[in-house]
Structure formats: structure tokens, C-alpha cells
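In what follows, a single structure is set out as C-alpha cells and then discussed.
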Amino acid sequence: QVHVQESGGGLAQAGGSLRLSCVASGRIQCTSAMRWFRQAPGKERELVAAVTSLGFQTYADSVKGRFTIFRDNMKFPVYLQMKNLKPEDTAVYFCHADGEGREDPPCVGSWGQGTQVTVSS
């Protein structure tokens, strides 16, 4: 239904910044809720940040005050601005697109392939 593609990963030093971008195409109703997840080696995938169709943002406690998810009026790209990076932010970052539960037929969440972020100390 939806194709998702991330970009912008790379190598940063601790204290530095990176910006990730996510674009999605396909069934537009199934891109209302956009989320960034990450998965570090040996760990489970975790939610980092989310934005709803109304622009409401939520963040994991570990990134509050450092990361910002931004989407301009339901357009793409969806950005994840990451500042004051820490080595523990090192992970593969995934963009996820989904509906908000009101779609008919229901949406099936779609994942991008991920982009590697590596933060050196």
C-alpha cells in the first residue's frame, strides 16, 4: 500500500547533529501517522518519535529535548532532527507509516529499509 524510504544517516561525533528524512508514497490515508523507530545491535526496535495528522508529537524519554520530529502539514519529507547526539543513539533508524484507525479498508503499517546512524565518542 505504501512505500517508505529513509535517508540522511551517517557518522557523527558525540554532541553533533544529523537530520533524517522520510518520504512515503502510495495510499495517502495510510501515511497519517508517521513514526521513527530505531534498533541497536542486540536490542529490540524502539519507538523514538511520532507525529500525528494534527501535528501532535511524542518522544521517547531518552531523546526528549534532543530530537525533533517535523512534518509540514501532512507533506513529505518527515524529518527527524537529532542534536546533541550520544554514542547510545547509534542504531539503524526506521521510518514507519500508518493510518490512525479510521480508514476503510484498514491500513497496514509500512516500514522503510532503515538508515544507519553511528555516533562516535
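The values are calculated or read from the model by the stated rules, or taken from the named source; none is laboratory data. Fair warning: this is a prediction, and the values are worked out from it, not measured in the lab. Please note: Cβ atoms are built from the backbone with ideal geometry, for glycine as well, and neighbour counts cover all protein chains shown. Accessible surface areas use protein heavy atoms only, side chains included; no ligands, DNA or RNA. Shrake-Rupley method; radii C 1.70, N 1.55, O 1.52, S 1.80 Å.
Could you compute how fast segment 57-121 diffuses translationally, taking Rh as the Kirkwood radius over C-alpha pairs and applying Stokes-Einstein at 37 °C with viscosity 0.692 mPa s? Give it in µm² per second.
So the translational diffusion coefficient is about 237 µm²/s.
Around GLN29, with a cut-off of 12 angstrom between Cβ atoms, what is the net charge of the other residues, counting Lys and Arg +1 and Asp and Glu -1? Please report the intermediate quantities before stating the final value.
Details: positive: ARG27, ARG102; negative: ASP98, GLU100, GLU103, ASP104.
My count for the surroundings of GLN29 gives -2.
For segment 52-120, what is the accessible area per residue in Å², given a 1.4 Å probe and the full set of protein chains? Intermediate results must be reported in sequence, preceding the final value.
Working: 3790 Å² over 69 residues.
Here the residues of segment 52-120 average 55 Å² of exposed surface.
Based on DSSP loop calls and a cut-off of at most 16 other Cβ atoms within 10 Å, the longest stretch of the chain free of exposed GluC sites (Glu not before Pro) is what?
Working: sites that count: GLU44, GLU100, GLU103.
In the chain, the maximal stretch lacking such sites is 45-99.
At a 1.4 Å probe radius, which order do LEU54, LEU47 fall into by accessible area, largest first? Intermediate results must be reported in sequence, preceding the final value.
On the way: LEU54 165, LEU47 75 Å².
Ranked list, largest accessible area first: LEU54, LEU47.
Using a 1.4 Å probe on the protein chains only, how many percent of the accessible area of the chain belongs to carbon and sulfur?
Whole-percent figure for carbon plus sulfur exposure: 51.
Hey, any idea what the orientation-averaged projected area of the convex hull of the chain's Cα atoms comes to, in nm²? Please list the in-between numbers first.
On the way: hull surface 27.9 nm².
Computed as one quarter of the Cα hull surface, the answer is 7.0 nm².
Using a simple spin-label model with points 7 Å from Cα along the Cα→Cβ vector, what separation in nm is obtained for SER121 and ILE28?
Label at SER121, label at ILE28, 4.8 nm between them.
Once the cut-off is 15 Å, how many percent of the Cα-Cα pairs in segment 29-96 end up in the long-distance tail?
Working: 1134 of 2278 pairs.
Roughly 50 percent, once rounded to a whole number.
So for segment 1-53, what are the equivalent ellipsoid semi-axes in whole Å, largest first, each being the square root of 5 times an eigenvalue of the Cα gyration tensor?
On the way: eigenvalues 114, 39, 24 Å².
In descending order the semi-axes read 24, 14, 11 Å.
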